[in-house]
Amino acid sequence: MAIDLRSDTVTKPSEAMRAAMASAEVGDDVYGDDPTVNSLEERVAAMFGHQAGLFTPTGSLANQLSIRTLVKPGEELLVETRSHIVRAELGAAATFSGITTRTWPSTDGLLKADDALAIAHENAGPYLVSTKAIAVENTHNFGGGTVQPIDEIAKLSSAAHARGIAMHLDGARIWNAHVASGVSFAEYGKHFDTISVCLSKGLGSPIGSVMLSTKERVAEARIWRKRYGAGMRQVGIIAAAAHYALDNNIARLAEDHARAKKIATALAAIDSSLVDPSKVHTNIVGLELSKIGITAAELTARCKDAGLWISALGPHYARLVTHLDFDDAQCDEAIEILKRTLVVK
Ligand SMILES: Cc1ncc(COP(=O)(O)O)c(C=O)c1O
């Protein structure tokens, strides 16, 4: 069977997770009657010190519902150039919410508060667009699983709030950030007005994200979720998977991080321009191929032929993501395939 490292979203629910799903208590969640969803929303909100939560089918929707409660049509959201909100949500902020975005560049997605603050422009009307919110992605996916420094988050949050600018956290992989940094969920939570977290990435649920914020914003987002057609019914079946994932799959993320580091270290030994293992903070290994003489598409195709699936995310940038369904033996095999497949000039 092929080893699939395209993403940490490729995992399949374990037997124990499926058993939890099968025995879930359910109700019609559009009526607020699903006890498993209600307890999940309360549980995740409490973890991050927020008042309320809203279960959504995807992280993209949790992001979009969050930012639309912070930014009105014609106003501005600032994000880092390669963040998921602007690179991979297909223009949703503009399409659905009339939100304009401006970006600041970074190295490896790493947050520096001053980069964001330098382009922020609150109360800029009537000639310029006013900045209403700043989004931070932690960990940063296309930056290579980068963990954002808590002191930079705190600095940005307090300076932004002092200027009347709200803060959103795209925490699809905040679990990985927590395990790698030791920073508590509550500490992360206190710096943000809205948060989105995903249960379907490193934690291994098949579906599901949660948006967090105040009761008022979550109530508003609940209306918009229904308006977008994402009001779900007996969805406790998937909320039960999320509970199972929170109970069982957070601490083990350290194993995914160790395997990513092992792959990075092995590849850096072949050619140090490929990857810097010290920059592999979590479960994502980004490979820089420009100096190697192979395109990401070529590498991906060769790996696929050899039984290893990885992603080409740029002409010379490939990505491998370790996850719950990837063990030590597969890690050794993946390293062997990569060594054979990478032809270093
Ligand atoms: C950082 C980040 N945010 C949000 C999302 C969106 O999640 P979904 O695919 O559930 O919409 C992803 C998905 O990969 C992501 O990596």
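The values are calculated or read from the model by the stated rules, or taken from the named source; none is laboratory data. Since the model is a prediction, treat every value here as computed from it, not as a measurement. Backbone-built Cβ (ideal geometry, glycine too); neighbour counts: all protein chains shown. Calculation scope for accessible area: heavy atoms of the full protein, side chains included, ligands and nucleic acids excluded. Shrake-Rupley method; radii C 1.70, N 1.55, O 1.52, S 1.80 Å.
Quick look at the values:
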| item | result |
| --- | --- |
| When residues of region 60-94 are limited to those that are within 11 Å of the ligand (Cβ to nearest atom) and more than 15 Å from the chain's Cα centre (by Cα), the one surrounded by the fewest Cβ atoms within 10 Å (Cβ to Cβ) | 90 |
| Criterion (more than 24 Å from residue 228 (Cα to Cα), touching a helix residue (DSSP H, G or I) at 6+ places or on another chain (Cβ under 7 Å) and acidic (Asp, Glu)) met by exactly one of 108, 29, 115 | 108 |
| Filtered residue count, region 185-215, keeping only those that are within 15 Å of residue 41 (Cβ to Cβ), within 11 Å of the ligand (Cβ to nearest atom), in contact with a strand residue (DSSP E or B) (Cβ under 8 Å, 6 or more places away or on another chain) and in a loop (DSSP other than H, G, I, E, B) | 2 |
| Sole exception among (1) within 30 Å of residue 31 (Cα to Cα); (2) touching a residue at least 40 places away in the same chain (Cβ under 8 Å); (3) open to solvent by 10 Å² or more (accessible area, probe 1.4 Å) for residue 108, by number | (1) |
| Of residues in region 95-105 being in contact with a Pro (Cβ under 8 Å, 6 or more places away or on another chain) and part of a loop (DSSP other than H, G, I, E, B), the one most open to solvent (accessible area, probe 1.4 Å) | 98 |
| Residue list for region 1-36, filter: closer than 16 Å to residue 245 by Cα, open to solvent by less than 10 Å² (accessible area, probe 1.4 Å) and over 21 Å from the mean Cα position of the chain (by Cα) | 17 |
| Lone unmet requirement of (1) touching a Pro at 6+ places or on another chain (Cβ under 6 Å); (2) away from the ligand (no atom under 15 Å from the Cβ) for residue 220 | (1) |
| Residue that is in a helix (DSSP H, G or I) and either within 21 Å of the chain's Cα centre (by Cα) or within 28 Å of residue 109 (Cα to Cα) (or both), where the choices are 230, 245 | 245 |
| Only one of 154, 160 that is touching a strand residue (DSSP E or B) at 6+ places or on another chain (Cβ under 6 Å), farther than 25 Å from residue 326 by Cα and without any contact (Cβ under 8 Å) to a residue 60 or more places away in the chain | 160 |
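Rundown of residues vs (1) under 17 Å from residue 167 (Cβ atoms); (2) in contact with a Phe, Trp or Tyr (Cβ under 9 Å, 6 or more places away or on another chain); (3) in a strand (DSSP E or B), yes/no style:
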site: 77; (1), (2), (3): yes, no, yes
site: 93; (1), (2), (3): yes, no, no
site: 115; (1), (2), (3): yes, yes, no
site: 118; (1), (2), (3): yes, yes, no
